[in-house]
1. Do we find that Val97 is surrounded by fewer than 17 Cβ atoms within 10 Å (Cβ to Cβ), touching a helix residue (DSSP H, G or I) at 6+ places or on another chain (Cβ under 7 Å) and assigned to a helix (DSSP H, G or I) in this structure?
2. Run down Arg67, Arg50 and say which single residue is within 17 Å of the chain's Cα centre (by Cα), of a type in the set (Lys, Arg) and surrounded by fewer than 16 Cβ atoms within 10 Å (Cβ to Cβ).
3. Just one of Glu113, Glu131 is acidic (Asp, Glu), in contact with a Pro (Cβ under 8 Å, 6 or more places away or on another chain) and either surrounded by 14 or more Cβ atoms within 10 Å (Cβ to Cβ) or in contact (Cβ under 8 Å) with a residue 24 or more places away in the chain (or both); which is it?
4. Could you list, in sequence order, all residues of the range 134-156 that are over 16 Å from Val11 (Cα atoms) and free of Cβ contacts under 8 Å to residues at least 40 places away in the same chain?
5. Any idea which residue in the range 53-64 is surrounded by the fewest Cβ atoms within 10 Å (Cβ to Cβ), counting only those that are of a type outside the set (A, V, I, L, M) and in a helix (DSSP H, G or I)?
6. For the list (1) closer than 27 Å to Val160 by Cβ; (2) in a helix (DSSP H, G or I); (3) not acidic (Asp, Glu), I need the number of the one condition that Ala84 fails.
7. Sort through Val143, Val147, Val132, Val81 and tell me the only one that's β-branched (Val, Ile, Thr) and more than 19 Å from Ala16 (Cβ to Cβ).
8. Considering (1) at pLDDT 95 or above; (2) over 30 Å from Lys85 (Cα atoms), say which one Asn148 fails and leave the rest.
Amino acid sequence: MSHPSPTLLGVTLKTAVVHTVTYFVVGWLAYTFVDYSAKYADPNLKMYMRQTTDPWVMAGPLFQPIRGVLFGIIFYLLRDVVFAKKNGWLILWCVLVIAGILSTFGPSPGSIEGILYTIVPLPLHLMGLPEVLLQSLLLSAIVYYWVNHPEKRWLTWLMVAIFVVVMLLPILGLFASGRVASGN
């Protein structure tokens, strides 16, 4: 079945939704199974990373649609290379891994620059790589599939429903913790 060329709005909205959902789900899995609370309290990371109890960390998913829109713009610009190809999701994933994870312009954890120019020990750099590799893989594969199969209404409903839940959970958590009312 032939579909019209993806639009900027369609690709951007789908990418924002998928990025936010995959960011939250993979982040929750990593938080649960990697024990980020203990890892971020490590003296080598304590001055570099906010602690998991910080309200900004709790609010983090609320800002992911912004990053998703930025990713969506890039994905749209690459649409002829990505969405028109059989293995376009793999091209997309390679772009994210190479340009967005390993070859960042600044010394991010897990990047070549981070390993070279920070004093963070190598095991701490490598600790977060499985999480970001999995999240970027899921982002690439799901966006590719969703954009190439607009007739799959169930996917639209599912992703939007999960997105709404992901947006509500941090808001409810901030209110429940008293962080919103007290400003702490």
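The values are calculated or read from the model by the stated rules, or taken from the named source; none is laboratory data. Just so it is clear, the model here is predicted, and its values are computed rather than measured. All Cβ positions, even for glycine, are placed from backbone atoms using ideal geometry, and neighbour counts span all protein chains on display.
1. Judged against the criteria, Val97 is not a match.
2. From the options Arg67, Arg50, the qualifying one is Arg67.
3. Working: Glu131 fails: in contact with a Pro (Cβ under 8 Å, 6 or more places away or on another chain).
Going through Glu113, Glu131 in turn, just one is acidic (Asp, Glu), in contact with a Pro (Cβ under 8 Å, 6 or more places away or on another chain) and either surrounded by 14 or more Cβ atoms within 10 Å (Cβ to Cβ) or in contact (Cβ under 8 Å) with a residue 24 or more places away in the chain (or both): Glu113.
4. Hit for the range 134-156 is Trp154, nothing else.
5. Filtering first and then ranking leaves Trp56.
6. (2)
7. Val81 is the lone residue from the list that is β-branched (Val, Ile, Thr) and more than 19 Å from Ala16 (Cβ to Cβ).
8. It fails just one condition, (2).
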